[in-house]
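Undergrad: I am attaching a structure below and will ask some questions about it afterwards.
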Amino acid sequence: MNRIKNDLNIKRQAKELGVSVWQAPSFLFLMLGAIIIIIMTAVFFFARNETSADYLIVIESFVAVIILSVGNVIITNMEKLAQVNKMKSEFVSIVSHQLKTPLTGIGWDIELIISNYKDGLSEKQIEILKKIEHSNAVMTRMVNDLLDVARIEQGDLSLRKDKINFKEIVQRVIEKNRELSGHSGIEIVVSNFRSDLEVSGDEKKMEVVLDNLISNAIKYNKEGGKVFITVKEKNGKVIFCVKDEGIGISDEERNGLFEKFFRGDSASKKSVGGTGLGLYIAKNIVEQGGGKIWYKTVEGKGSEFCFSVPVV
Ligand code: ADP
């Protein structure tokens, strides 16, 4: 019902798509419907009194021309929108690529100063450098997210099929998130699982999925809460789950959860940083790799996000 209401809000749709009202797809669609109804009604009344086949053929041709003309306007507008969308993805991809190189350079230089030239620096200087290093890591992550989104939109995610040691990769991502969990006193509890467990997937992208889910479980947890990680094997798949004791997700927010740039109200109120791209990217990577992603949640109590991945 809500979808129909949204579709009929022509002014809003035109504003969202950046086109004038008469170019909005819903407006053109309604116009086409109205024209067909009016003409068909006119044909009905006309045909009742007019038995000549010639007249009917002329009227039918006239109807066909009108329908084709309106259809042509709709298709041309759709083509324009698709072209603009493609250009936007290409633009995002080019800018992200260009930003990645200097950001990586800055990261390496700061690391070099902190590790090799620490003795000549005061504590305050080291503290400032660590802050720069952190901001650089945040920006690098955003740029990587944008690159992944552009690749998904261009249908160019091209996932590799590596043999991944699942325990090693899970441990690596947990270590990466230690600082984040340490800030809010969150404990990460990992259930025991086979250390020789191997899954099939793209190692770098698998790291992105795990990182998004584990960092969310920390970010949206309560102060001093726990994060539980479990890994199980079932029917030739590995099922990874991460559970938190945090804010949970409200009914209204569930619809948009895996959409691009979606950020829940409670998440924004908690003033946790984020772009709303993590779950969108994770879902695309998991599904294109032959797995599934799902979640359970209780508002105010916590959530559990799981995904499956094929075993080698
Ligand atoms: P981000 O975390 O950058 O906002 P995500 O795509 O990872 O982006 O998540 C989208 C939204 O889903 C979040 O803003 C938050 O509202 C909600 N969300 C994701 N994970 C959790 C979680 N574990 N608990 C509660 N809400 C969550």
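Undergrad: Only one of these conditions is not met by GLY182: (1) in contact with a strand residue (DSSP E or B) (Cβ under 6 Å, 6 or more places away or on another chain); (2) modelled with pLDDT under 95. Which number is it?
TA: It fails just one condition, (1).
Undergrad: For region 105-113, indicate whether the set of residues that are among the aliphatic types (A, V, I, L, M), part of a helix (DSSP H, G or I) and over 33 Å from the mean Cα position of the chain (by Cα) is non-empty. Working first, answer last.
TA: At the first step, the residues of region 105-113 found to be among the aliphatic types (A, V, I, L, M) are 106, 110, 112-113.
If we keep only those that are part of a helix (DSSP H, G or I) too, we end up with 106, 110, 112-113.
In the following step, the residues that additionally are over 33 Å from the mean Cα position of the chain (by Cα) were identified as 112-113.
Within region 105-113, one or more residues are among the aliphatic types (A, V, I, L, M), part of a helix (DSSP H, G or I) and over 33 Å from the mean Cα position of the chain (by Cα).
Undergrad: Next question. Are there any pairs with C-beta distances below 7 angstrom linking a residue in region 21-33 that is in the same structural domain as LYS11 (by TED's automatic domain parsing) to a residue that is of a type in the set (Phe, Trp, Tyr), with the two at least 6 apart or on different chains, and if so which?
TA: Pairs found: VAL21/PHE27.
Undergrad: Same structure, new question: Do any residues in region 285-312 that are on the phi > 0 side of the Ramachandran plot have Cβ atoms under 7 Å from those of residues that are outside any strand (DSSP E or B) and surrounded by fewer than 20 Cβ atoms within 10 Å (Cβ to Cβ), where the two are at least six apart or on different chains, and which pairs are they?
TA: GLY300/GLY248; GLY302/GLU245; GLY302/GLY248
Undergrad: Moving to a separate point now. Which one of PHE240, PHE258 is hydrophobic (A, V, I, L, M, F, W, C), outside any strand (DSSP E or B), within 14 Å of PHE307 (Cα to Cα) and modelled with pLDDT of 95 or more? Walk me through how you get there before you give the answer.
TA: Numbers: PHE240 fails: outside any strand (DSSP E or B).
The unique qualifying residue is PHE258.
Undergrad: Let me ask you something else. Out of GLU245, GLU253, GLU207, GLU259, which single residue is within 12 Å of the ligand (Cβ to nearest atom), closer than 19 Å to ARG151 by Cβ, assigned by TED's automatic domain parsing to the domain that holds SER184 and of a type outside the set (A, V, I, L, M, F, W, C)? It would help to see each step written out before you state the result.
TA: Numbers: GLU245 fails: closer than 19 Å to ARG151 by Cβ; GLU253 fails: closer than 19 Å to ARG151 by Cβ; GLU207 fails: within 12 Å of the ligand (Cβ to nearest atom).
After applying the criteria, what remains is GLU259.
Undergrad: Which pairs have Cβ atoms under 6 Å, sit 6 or more apart or on different chains, and link a residue in region 183-194 that is within 15 Å of GLY246 (Cα to Cα) to one that is hydroxyl-bearing (Ser, Thr, Tyr) and surrounded by 10 or more Cβ atoms within 10 Å (Cβ to Cβ)?
TA: Pairs found: ILE188/SER181.
Undergrad: Taking the condition of being of a type in the set (Ser, Thr, Tyr) and at pLDDT 90 or above, how many residues in region 65-117 meet it? Give the derivation first.
TA: Quick first cut of region 65-117, residues of a type in the set (Ser, Thr, Tyr) only: 69, 76, 89, 93, 96, 101, 104, 115, 117.
Filter again for at pLDDT 90 or above, leaving 93, 96, 101, 104, 115, 117.
Residues meeting the conditions: 6.
Undergrad: Within 13 Å of the ligand (Cβ to nearest atom), at pLDDT below 95 and either in the same structural domain as HIS183 (by TED's automatic domain parsing) or within 23 Å of GLY185 (Cα to Cα) (or both) - does that describe any residue in region 300-307?
TA: Yes, the conditions are met somewhere in region 300-307.
Undergrad: If you don't mind, there's one more thing I want to ask. In this structure, does ILE218 turn out to be of a type outside the set (Lys, Arg) and either buried (at least 21 other Cβ atoms within 10 Å of the Cβ) or not assigned by TED's automatic domain parsing to the domain that holds TRP294 (or both)? Before the answer, list the steps.
TA: On the way: of a type outside the set (Lys, Arg): yes; either buried (at least 21 other Cβ atoms within 10 Å of the Cβ) or not assigned by TED's automatic domain parsing to the domain that holds TRP294 (or both): yes.
So ILE218 fits the description; yes.
Undergrad: When you check ARG178 against the structure, is it away from the ligand (no atom under 15 Å from the Cβ), surrounded by 14 or more Cβ atoms within 10 Å (Cβ to Cβ) and over 16 Å from GLU304 (Cα atoms), yes or no?
TA: no
The values are calculated or read from the model by the stated rules, or taken from the named source; none is laboratory data. Keep in mind that what you see is a predicted model, and the values were worked out from it rather than measured. Cβ atoms come from the backbone with ideal geometry, glycine included; neighbour counts cover every protein chain shown.
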